[in-house]
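Below: one structure, written as structure tokens.
The values are calculated or read from the model by the stated rules, or taken from the named source; none is laboratory data. Since we're looking at a predicted model, the values are computed, not measured. Note: ideal-geometry Cβ built from the backbone for every residue, glycine included; neighbour counts use all protein chains shown.
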Amino acid sequence: MKKQFSVDPNLCTGCRTCELACSFTHTVDGKAGRPRIYATPGGFEDLWVPVTCLQCDDAACVKSCLVDALKRNPETGAIELNEAVCVKCMACVAACPFGCALVDPEQDKVIKCDLCGGDPACARFCPTKALTYKPSELKASKIKVLG
Amino acid sequence: MVRLTINGRVVQAEKGEMLLVVMNREKISVPAICNHGAVEAFGACRLCTVEITKNDWNGWKNYVTSCLYPVEDGLIVSTHSETVINLRKTLLDLHLARHPHSEHVRQWAMEYGITQTSFEEIPDGDDCILCALCTRICDRMGFAAISTVGRGHGKEVAPPLNEPPPDCTGCLACAQCCPTEFITFSDSGTSREIWGKQFEMITCKECSKPILTKDFAETLSKTRNIPADYFEVCDECHRKATALTMGKISQWQREDTAS
Amino acid sequence: MVIEPRGTLYPRVKVKDVEKIIESSIVNDEPEKTLLYSPNGNSSSVEKYKNIPFYAKQQRIALRNLGMIDQYRIEDYIATGGYQGLAKALTDMTPETIVDEVKQSGLRGRGGAGFSAGRKWATCASAEETPHYVICNGDEGDPGAFMDRSIMEGDPHSVLEGMIICARAVNSHEGYIYVREEYPLAIMNLQLAIEQATSYGLLGDNILGTGFSFTLKVSKGGGAFVCGESSALMRSVGGDVGEPRAKYVRSVLKGLHDKPTVLNNVESFANIPPIIVNGGKWFASIGTEKSTGTKAFSLVGKVRNTGLIEVPMGTTLREIIYDIGGGIQDDRPFKAVQTGGPSGGCLPKEKLDLPVDFDSLTEADSMMGSGGMIVMDDQTCVVDLAKYFLKFLVEESCGKCTPCREGLYQLHSLVDKMSDGRAVESDLVLAENLSKSIMIGSLCGLGKSGPNPFISTLKYFREEYIAHIRDKKCPAKVCPSLISYEIIEGPCDGCMACAPACAVKAITGEKGKLHVIDQNICDRCGACKAICTRQAIEIH
């Protein structure tokens with residue numbers, strides 16, 4: 001069954017465990033990766049928003065890529081960036097209106113959330129369940145037409 | 001599905017796959033400096049050459065570039081036979097003579113135990129190894145702003161007529177992918193220069209950080225249908241704005257639940 | 001001049017001779033004895049050209065019409081049996097039987113590799129992808145080779161006819177003749193021939209009313225040597241830069257525009273019409289078992305008779321050089337013959353009895369190539385020769401792959417060092433190892449065979465390399481850094497001819513007295529030796 005990644009800012013405490021989990025999950029050659037998720041102030045007291053890729057349907061990053069390095073993984077639904085194909089032109093970094101394609105200067109590459117291949121570490125480690133990855137609750141049979 | 005043997009290990013692969021792709025997947029490493037996932041295999045550096053044979057070839061062996069050789073059933077591949085190693089050493093030795101000042105070339109040669117070239121050093125040897133990744137990637141991006149010029153030992157990469165290339169948008173893909181970092185550019189915050197051409201940068205309207213060149217943004221808007229205002233804010237400021245938007249929604253929810 | 005039908009040959013005819021020739025040969029049908037050919041200044045003259053060794057040992061199939069017909073007139077070509085093969089192929093034969101006939105003839109590609117033309121055609125004919133193309137490689141680029149040029153200029157219709165027959169056999173409707181721009185006359189004559197053939201209904205739509213259509217275009221190349229390589233040629237025809245493509249898929253399946261393509265050279269196509277007319281069996285009866293038919297060579301260098309020749313495969317080098325070529329100029333000793341163009345090989349006198357065919361030449365570490373044959377006497381230095389050909393290849397390398405671009409460059413500079421007396425013995429080992437890597441590592445045939453000039457001369461003349469390296473001597477007295485010109489007492493009578501001839505003013509001496517060359521100034525150009533009529537200048 002398709003799973004869905006959801007964010008509930010009301011549960012987020014800004015502890016940044018998600019950032020750490022993401023960073024360590026993307027370690028290459030002993031170098032921790034730059035997080036693909038950021039607990040960011042939401043503009044109100046005690047309100048934090050974990051900002052990460054929404055895996056848009058008609059994604060600007062995919063459209064902007066001139067070498068087809070960004071493709072959706074049909075299994076996870078994540079838009080994955082193929083590092084071997086990426087030419088680092090920064091088109092996607094500039095095009096994403098949510099700022100969720102970014103540069104990892106340490107590992108010298110363009111990065112974005114890949115849902116950890118189907119088991120996102122941020123959700124797994126989120127202590128408050130502000131981040132979840134579970135079977136989609138939106139089922140056609142449950143939608144009732146009112147009135 | 002085909003079955004082949006690489007360095008004594010039996011490996012499965014899809015029909016039509018190139019040997020190098022299979023080797024990469026199997027974590028069998030050979031140098032391949034003119035290879036890049038964005039463009040078709042080219043076969044210029046020859047470093048990925050491997051020895052192949054088959055049981056019914058009566059001991060005959062062939063040497064092929066793995067980047068361009070489609071896998072076959074029953075193929076027996078040796079990636080580090082003596083002849084292949086010697087070839088790679090000679091190639092790196094030749095590179096060392098031609099590009100004596102390149103740290104990258106030095107590094108590659110060192111991995112095969114070569115620290116000093118056996119040949120005559122080319123005194124004015126630059127760092128361009130003529131892998132043509134830059135020109136091929138530029139073609140792939142749809143710009144074709146630069147190309148190789150001339151032939152033989154005097155071949156070089158250059159924009160047309162050695163003038164600032166009219167079709168270049170300053171995306172820097174060529175420089176980013178250059179394996180020896182030979183292609184240089186300069187960024188000043190508001191402007192960029194590459195291949196002798198000046199570009200105006202779009203800077204973030206929130207924090208003034210440079211984002212990308214105006215030319216590149218215009219091309220992307222035009223050819224890829226991306227709203228021009230997407231390019232007006234940098235990724236970090238975009239994330240901040242996203243947080244504020246989602247924050248507002250959450251705050252409504254909070255207020256909703258409270259009331 | 002040859003007067004047919006007697007076949008009387010008059011060499012070097014001058015205007016004043018014409019009257020006599022007409023009087024005797026044409027009016028009286030008697031040869032004019034005083035103007036006949038006499039070999040080596042011998043008193044006994046030979047009347048008929050067929051009895052002269054230069055012609056007697058030749059058999060002309062590909063070159064059959066050269067000099068016999070007016071190349072500008074299609075009527076001449078037709079009058080000598082031209083387009084008979086095409087008519088037969090289109091009316092009496094099916095594509096399959098054409099391919100079978102060519103297979104049976106045993107014709108191997110005359111461009112160099114010697115791949116069976118029949119098998120190539122069969123592969124293309126049975127390829128499912130369409131369209132199919134037919135391309136003629138007229139990019140003859142070997143220095144000193146002019147076989148294909150002569151055919152294209154002197155008998156263009158034979159190439160056209162061969163190509164149309166091929167097109168019919170492989171079901172192609174579009175063909176190209178790729179000619180280098182340095183051959184303007186060939187291009188012009190081919191274009192004229194295409195126009196004529198089209199107006200005669202031999203090309204274009206509905207050829208000879210059979211419903212078969214085929215169009216031909218001349219594609220002009222920029223004259224890059226590497227464009228003779230099949231994949232580079234097809235890229236060039238297709239409008240791309242003429243660089244070879246690494247291919248492990250044969251061009252007969254993925255050639256021009258990645259479609260099935262038959263690529264043969266000019267001479268191969270010129271052989272097709274006689275094969276169709278006389279049958280594959282006839283062709284296979286000429287030559288050797290595995291190399292059938294004849295082969296054209298451009299025989300050049302230090303032989304008495306130079307020029308275009310065509311001999312049955314299997315003719316020995318000795319027959320070619322001594323009977324047809326008339327031996328070495330000035331009766332000097334034969335040293336070597338270079339076959340196969342720049343990337344071919346050198347064969348020494350021990351190999352003079354080698355039959356000339358694809359396999360024998362390859363076995364002897366040389367190659368057929370497109371058919372250049374350069375004869376050398378003892379005044380040729382093999383190190384200098386290897387240097388010359390390597391230089392050519394360095395300049396003609398397209399520069400795409402590292403072993404060819406950098407490797408040949410370094411190999412040339414190593415051989416240059418040897419010829420210059422700066423080399424040490426380890427350089428020879430280095431050059432040998434480098435050659436091996438270039439040969440297995442290069443992308444296309446140019447690089448793979450690039451070290452041949454060095455490897456083959458080293459194989460047969462190693463001692464000459466050692467002399468250059470260890471003894472700093474050039475036995476052939478050619479390499480400028482290793483020789484000195486000296487004026488010897490006795491013959492020199494102080495005529496003062498040499499001193500003004502010296503461009504660097506290295507010669508001093510007074511009239512009537514022995515002249516002296518200052519070795520520190522002399523640049524060993526040889527001008528003094530050339531001008532000295534007293535044989536007083538020697539090379540040491």
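Taking first residues from the range A:27-52 that are among the aromatic types (Phe, Trp, Tyr) and partners that are assigned to a loop (DSSP other than H, G, I, E, B) and surrounded by 24 or more Cβ atoms within 10 Å (Cβ to Cβ), the Cβ contacts under 7 Å between residues at least 6 apart in sequence or on separate chains come to A:TRP48/A:CYS12; A:TRP48/A:GLY42. In the range C:291-319, the qualifying residues are those that are of a type in the set (A, V, I, L, M) and in contact with a Lys or Arg (Cβ under 8 Å, 6 or more places away or on another chain), and the one that is nearest to C:GLY372 (Cα to Cα) is C:ALA296.
Considering (1) assigned to a loop (DSSP other than H, G, I, E, B); (2) under 28 Å from C:ALA186 (Cα atoms), the lone condition that C:ILE309 does not fulfil carries the number (1). Being of a type outside the set (A, V, I, L, M, F, W, C), within 11 Å of chain C (Cβ to nearest Cβ) and over 30 Å from B:PHE143 (Cα atoms) holds for only one residue in B:ASN58, B:ASN62, and it is B:ASN62. Can you tell me which residues in the range C:361-395 are within 14 Å of another protein chain (Cβ to nearest Cβ) and either more than 17 Å from the chain's Cα centre (by Cα) or on the phi > 0 side of the Ramachandran plot (or both)? The answer is C:LEU390, C:LYS391, C:VAL394, C:GLU395. Applying the criterion of at least 3 residues that are modelled with pLDDT under 95 and within 22 Å of the chain's Cα centre (by Cα) to the helices (runs of 4 or more DSSP H) found wholly in the range B:67-176 leaves an empty list.
Selection over the range C:69-108 of residues that are within 27 Å of the chain's Cα centre (by Cα), more than 24 Å from C:GLY201 (Cα to Cα) and surrounded by fewer than 20 Cβ atoms within 10 Å (Cβ to Cβ) gives a count of 2.
Would you check if B:LEU20 is modelled with pLDDT of 95 or more, under 18 Å from B:CYS131 (Cβ atoms) and either outside any loop (DSSP other than H, G, I, E, B) or in contact with a strand residue (DSSP E or B) (Cβ under 6 Å, 6 or more places away or on another chain) (or both)? Criteria met by B:LEU20. Just one of the numbered conditions (1) closer than 28 Å to C:MET313 by Cβ; (2) assigned by TED's automatic domain parsing to the domain that holds C:TYR200 is not true of C:LYS57: (2). Looking only at the range B:3-15, decide whether some residue is assigned to a loop (DSSP other than H, G, I, E, B), more than 19 Å from B:TYR112 (Cβ to Cβ) and within 25 Å of the chain's Cα centre (by Cα). Looking through the range B:3-15, at least one residue is assigned to a loop (DSSP other than H, G, I, E, B), more than 19 Å from B:TYR112 (Cβ to Cβ) and within 25 Å of the chain's Cα centre (by Cα).
Being part of a loop (DSSP other than H, G, I, E, B), more than 21 Å from C:LEU190 (Cα to Cα) and of a type in the set (A, V, I, L, M, F, W, C) is the filter here, so list the residues in the range C:209-260 that pass it.
Result: C:PHE212, C:VAL241, C:ALA246, C:VAL249, C:VAL252, C:LEU253.
Residues of the range B:218-236 that are under 19 Å from A:CYS100 (Cβ atoms) and more than 7 Å from chain A (Cβ to nearest Cβ): B:PRO227, B:ASP229, B:GLU232, B:VAL233, B:CYS234.
Residues are listed down the side, and each one gets a yes or a no for (1) loosely packed, with under 14 Cβ neighbours inside 10 Å; (2) more than 8 Å from chain B (Cβ to nearest Cβ); (3) more than 23 Å from A:LEU11 (Cα to Cα):
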{"residue": "A:THR27", "(1), (2), (3)": "yes, yes, yes"}
{"residue": "A:VAL67", "(1), (2), (3)": "no, no, yes"}
{"residue": "A:CYS96", "(1), (2), (3)": "no, no, yes"}
{"residue": "A:CYS113", "(1), (2), (3)": "no, yes, no"}
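Taken as a whole, the range B:48-58 holds at least one residue that is in a loop (DSSP other than H, G, I, E, B) and modelled with pLDDT of 95 or more. Filtering the range C:396-422 to residues that are facing chain B (nearest Cβ under 9 Å), without any contact (Cβ under 8 Å) to a residue 40 or more places away in the chain and of a type outside the set (A, V, I, L, M) leaves C:GLY399, C:THR402, C:ARG405, C:GLU406, C:TYR409, C:GLN410, C:SER413, C:LYS417.
Residues in the range B:92-104 include at least one that is under 18 Å from B:THR49 (Cα atoms), of a type in the set (D, E, K, R) and within 12 Å of another protein chain (Cβ to nearest Cβ).
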